[in-house]
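Down below is the structure, laid out as structure tokens.
Nothing in this text is a laboratory measurement; each read-out follows from the coordinates by a stated rule. Note that the coordinates shown come from a computational prediction; the quantities given were computed from them, not determined experimentally. A quick note on method: Cβ atoms are made from the backbone with ideal geometry, for glycine too, and the neighbour counts reach across all protein chains shown.
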Amino acid sequence: MKVTIISALIVFCWCSLRIFALPDEINIGGIFDANSVVQKMAFKYAVDLVNRDRDTLTRSRLVAKIADVPVDDSFHASKKVCAFLKEGVAAIFGPQSENTANHIQSMCDTMRVPHIQTRWDYRLTRNEYSINLPHPPSLGKAYYDIIFKLQWRNFVILYDSVEGLVRLNQLSKKWTVTMRQLPEGDDYRPLLKDIRRFKTTHFVLDVAQDKVYEVLRQAAQIGLMRVYDNYFITSLDFNLINLEEFKDSGTNITGIQLVDPHKPELKKLIDDWVIGEQRAGWVLPLQMRRMTTEAALMYDAVTLFAKTLHDLREAVEIPRLHCESDNSWQHGNSIITDMKWYSWYAPSTDSGGGNVFTPNQLSYRKVDGITGFIKFNTEGFRSDFNLDILEMGQNAILQKVGTWTLTGKANFTRTWQQTEDAVELNLQNRTLIVTTAITPPYVMLKDDHEQRKGNDKFEGFCFDLIHEISLLRGFNYTFKKVEDDSYGSKNRETGEWDGIVRELLDHKADQSIVDLTITYEREEAVDFSMPFMNLGISIIYKKPQKKSPSLFSFMSPFSADVWIYMATAYLGVSVLLFILARMAPDEWDCPYPCIEEPEELENSFTLLNSMWFIIGTFLCQGADIAPKAVSTRIVASIWWFFTLIMISSYTANLAAFLTVERMDSPVESAEDLAKQTKIKYGCKMGGSTYSFFRDSSIPTYQRMWSAMSNARPTVFTKSNDAGVERVSKSDGQYAFLMESSSIEYVVERKCELTQVGGLLDSKSYGIALPPNSPYTGAISSAVLKLKESGKLYILKTQWWKKGKGNGNCQREEKGDAASAAELGLENVGGVFVVMVGGIALACLTACCEFMWKARKLATDEGVSFSEELCKELLFIINCSENSKPVRKKSSPANTDSSSIYGSSNYGYSDKK
Ligand code: GLU
């Protein structure tokens, strides 16, 4: 019990000490100039609120000492500060102007009195007795993160004071930035006109909040507030800028805010001000009912100061100080240090006092002000804070699109769909300028266009396509013809674009539609929508004329080579048959079958007979002689096989030749063109086809490019129409390289022309828009929608097949090229091989038969084999003999040379 009472007494004494550690009334001084009326009010009402809220300062009251000083009048301000110090103040707040603030700060440093500022301070280090909110380098980081996320890489920074350069430092280090300082006075037009030269569409405005509106207004006057322009406004009071005037500009205006004006605490606070001032008999003007960031910071600074005083761990008295003397306040240091550390650590309950914290005694405390949570770094800078990222939306209403935090960087919370919806809203009822060129059937002038006005002059596939897209996206459009009739090519020397691309780059048009090919080079300069048509380069040429069949067209099924090979085969096989027949004993027969023992034998395969037999069988007629020996029969069979295949092939190919009318074209492909010099060829000057050949690394196309570029007179034309005209009139002496979709249109109407060969490349047409156009996504999705719904296909059919001038050309049924082509040696070569193989076999057989017979005769007649062989060979070589005597088998007694020939009819008689 005793212990409890003693403990209670100790706690009571400690609490009493704490409570009575602060004076009953604590003076705080506020110095304000004429530009800081709202800050002054915030200061006043913050003190009021602290005094009303008994939790913040339990026993003491704050007394606000306010001094009004002229702007930038340091002398006056220092006098006021001295007066405050004489009365005894715990802190000095303000002023806002830089020169005066620096002066006051050094006075406070000397007197060791806390000095609290809420103005932009560009210095990177702080005096000991001063804190500030928020920290410029952190703001610079916020700008950097946001611009990085917005993907700006090239922009102009407009700033009004050198202070800004500290914050903008990071931006200029990283990207291509043009920096310009706003001139004195309020005419910024000359500067803005100068900036217009850079053709940039991205601007960072780092100017005082009260100048932003004027800068934007003058930018709008000189045409720098278009849908393509983007502004990032660094002022933390973005929400206080009146953007009403720019709501229809379509310009993208992004900004940041530290104080959310929709916060309920803030609304309540402003209501308090209004009522408080009403009680004092003053109706608060409208512009003062909106909380500026600096006012909110002032409010938070006073609250934080009061909280720090409350949690102070030492008894404090506030002395009266004299500027002339060198005395100072001993507690100033503790207060400022505690204030810096306030948000990081809860105060120690250890009454040991001092500012020595150990980590286990301390814990993080979240201090929420109306400017968000408050946290200082060790140097007294508020480096960690959160920002809202805002964007001007429909009817100039600001929309929160993301947040920035020191650790999380810029985080845009808008979804892709929300962005697209915003763009679509922006597009509604806007009138877009559509630049085009007259190229049938994409865009054409109506026959009576002279009597018509505006869009009514035009018609065509692309015109209808834009109309469909405009219905989907709700915009209006005005068609106009490109001034120089060019689609857009880049000058190699100057790097400048011409034609449609130039107009888009200069923002003279909002989109362009025609047969404009999406190329890498153009894509780098401007934006393209999704492609609406796919195609490739091809050749348009005069249709080949029908060839009247030649007298010798029956020769066509085989090439000349095959005919020559066949003739050679015929002669060779005939001679071979003749020789083999002479060698084959079975081919030697008695011409008179009634003579049983003939004196001589005959061979029916004389040279002429052999040739007759071979030709007869070749023509499927047969002959009156037939081979009897195995070797000659093999030759005959192989020849018949050869004949069978050759005749069948001939017949089959002849049928194709006779039924298909042959159309002979000297050009079948780009290679054919490249190989020859007789037929000239060209393309549209400065178009994507022209660039394709100029930049190609493929040898064939390089050869074609050098032929085209060296040709005199020029083979390039001003338009596709001119090229087609030249092909029509050139009688086969000119071919035009053109895109397949256009060729398709032309050949439907000019029946004498045709597409030759396949596609040399593959590419697409797209709708071109200025670089970074906000409408690219909306237009692309509309093109996709039309593609998927089949509308594009319907439009194409309508303009290609049914459109004006369709000649309903009779489609030529192209014969099967394979069947109509001559049969080459490669087609029938195998037949020759089989024939040669068979012949070789026949020769082998004949040799065997011959030798076998010679050996037999040699044995029968008792002569040597070689002698007999020579005799037989001599007989064969002697081609004049077509009969030979029968050789009788000699008896052992009969050794007379006259009786050496055997009795069988296998011998022969020598008529000699
Ligand atoms: N479509 C082409 C272009 O966009 C024009 C025609 C061509 O070059 O064949 O440049």
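Over the chain, calculate the relative contact order: mean separation of alpha carbon pairs under 8 Å at least 6 apart, over the residue count, as a percent. Rounded, it is 11 percent for the chain. Per-residue 3J(HN,Hα) values for segment 81-86, derived from phi via the Karplus relation 6.51 cos²θ - 1.76 cosθ + 1.60 with θ = phi - 60°, read 4, 4, 5, 4, 5, 5 Hz in sequence order (x marks Gly and Pro).
Here segment 235-288 and segment 75-98 have alpha carbon centers that stand 29 Å from each other. Counting neighbouring beta carbons within 10 Å and listing from fewest to most, the residues I397, I157 come out as I397, I157.
Only one residue of A46, H262, A569 has its Cα farthest out toward the positive end of the dipole of the chain, where Lys and Arg carry +1 and Asp and Glu -1 on Cβ, and that residue is A46.
Here the Karplus relation 6.51 cos²θ - 1.76 cosθ + 1.60, evaluated at θ = phi - 60°, turns the backbone of segment 734-739 into coupling constants of 9, 10, 10, 8, 8, 6 Hz, with x for every Gly and Pro. Between segment 765-799 and segment 416-463, the C-alpha centres lie 12 angstrom from each other. Since only V756, I877, W341 are under comparison, the one whose Cα sits farthest along the positive direction of the charge dipole of the chain, derived from C-beta charges on Lys, Arg, Asp and Glu, is W341. Angle of helix 98-111 to the longest C-alpha principal axis of the chain, folded into 0 to 90 degrees and rounded to 10: 60°. Placing dummy labels 7 Å off each Cα toward the beta-carbon, the span from N882 to D721 is 8.3 nm.
Each other residue within a Cβ distance under 11 Å of G757 adds +1 if Lys or Arg and -1 if Asp or Glu, for a net charge of -3.
Dipole size of segment 408-557 about its Cα centre, with +1 on Lys/Arg Cβ and -1 on Asp/Glu Cβ: approximately 600 debye, rounded to the nearest 20.
For segment 463-610, the relative contact order works out to 11 percent when only alpha carbon pairs closer than 8 Å and six or more residues apart are counted.
In debye, nearest 20, what is the charge dipole magnitude of segment 613-745 about its Cα centre with +1 on Lys and Arg Cβ and -1 on Asp and Glu Cβ, if you could check? Display every interim value, and only then the final one.
Details: 13 positive and 12 negative charges, 87 e Å.
Dipole size: approximately 420 debye.
Residues V302, V783, V635, arranged from fewest to most other Cβ atoms within 10 angstrom of their Cβ, appear as V783, V302, V635.
Placing unit charges on C-beta atoms (Lys and Arg positive, Asp and Glu negative, everything else neutral), compute the dipole magnitude of the chain about its Cα centre in debye, rounded to 20.
Values: 102 positive and 111 negative charges, 355 e Å.
Roughly 1700 debye for the chain.
Look at the alpha carbon pairs under 8 Å that are at least 6 residues apart: their mean separation over the length of segment 644-728 gives a relative contact order of 27 percent. Find out how many positive minus negative residues lie around V434, taking Lys and Arg as positive, Asp and Glu as negative, among other residues whose Cβ is under 12 Å from that of V434. Counting the neighbours of V434, the net charge comes to +1. What FRET efficiency comes out for the pair S669/A623, r = Cβ-Cβ distance, R0 = 51 Å, nearest 0.05? The pair S669/A623 has a calculated efficiency of 0.55. The string of couplings for segment 393-403 from the Karplus curve (6.51, -1.76, 1.60, θ = phi - 60°) is x, 4, 6, 6, 7, 7, 10, 7, 10, x, 9 Hz, one whole number per residue in order, with x for Gly and Pro. Candidates S138, W612, Y765 compared by Cα position along the dipole of the chain: farthest toward the positive end lies S138, with charges placed on Cβ. Full extension of the segment from R289 to E87, taken as 0.36 nm per residue of separation minus the current Cα-Cα distance, would add 69.5 nm.
Under a 5 Å amide H cut-off, with hydrogens placed 1.01 Å from N, G536 pairs with S740, S741, K763 among residues at least 5 apart or on other chains.
By other beta-carbon atoms within 10 Å, ranking D421, D388, D672 with the fewest at the front produces D421, D672, D388.
Put the Cα centre of segment 828-873 next to the Cα centre of segment 163-198 and the gap is 108 Å. Net charge in the neighbourhood of V177 (other residues with Cβ under 12 Å of its Cβ; Lys, Arg +1, Asp, Glu -1) is +3. Sites listed here are GluC sites (Glu not before Pro) in segment 482-534 whose DSSP assignment is loop and whose Cβ has at most 14 other Cβ atoms within 10 Å: E483, E493, E496. What is the angle, in °, between the Cα long axis of helix 699-710 and the longest principal axis of the Cα atoms in the chain? Nearest 10 is fine, range 0 to 90. Between helix and principal axis, roughly 80 degrees. Remark on R112: its backbone amide H falls under 5 Å from those of W329, a criterion applied only to residues 5 or more positions apart or on other chains, H modelled at 1.01 Å from N.
The C-alpha radius of gyration of the chain, expressed as a fraction of 2.2 N^0.38 Å, stands at 1.81.
How high is the FRET efficiency from S325 to E184, r the C-beta distance, R0 35 Å, rounded to 0.05? Could the numbers behind the result be given before it?
Numbers: r = 42 Å, r/R0 = 1.21.
For R0 = 35 Å, the calculated efficiency reads 0.25.
Using just the helices of the chain, give the 222 nm mean residue ellipticity in deg cm²/dmol: DSSP H runs with n ≥ 4 each add -39,500 (n - 2.57), and the total is spread over all residues, rounded to 500. Could you put the intermediate results ahead of the total?
Values: 28 runs with 379 residues, N = 912.
When only DSSP H runs of four or more count, the value is -13500 deg cm²/dmol.
Maximal additional length on extending the K173-T419 stretch stands at 85.6 nm, based on 0.36 nm per residue less the C-alpha distance.
What full-extension length gain, to one decimal in nm, is calculated for V834 and D368 as 0.36 nm per residue of separation minus the Cα-Cα distance?
Details: separation 466, 0.36 × 466 = 167.76 nm, distance 10.16 nm.
Contour length minus the Cα-Cα distance gives 157.6 nm.
If R0 is taken as 60 Å, the Cβ-Cβ distance between I615 and A711 corresponds to a FRET efficiency of 0.60. DSSP assigns beta bridges within the chain; of those with both partners inside it, close to 45 percent run antiparallel.
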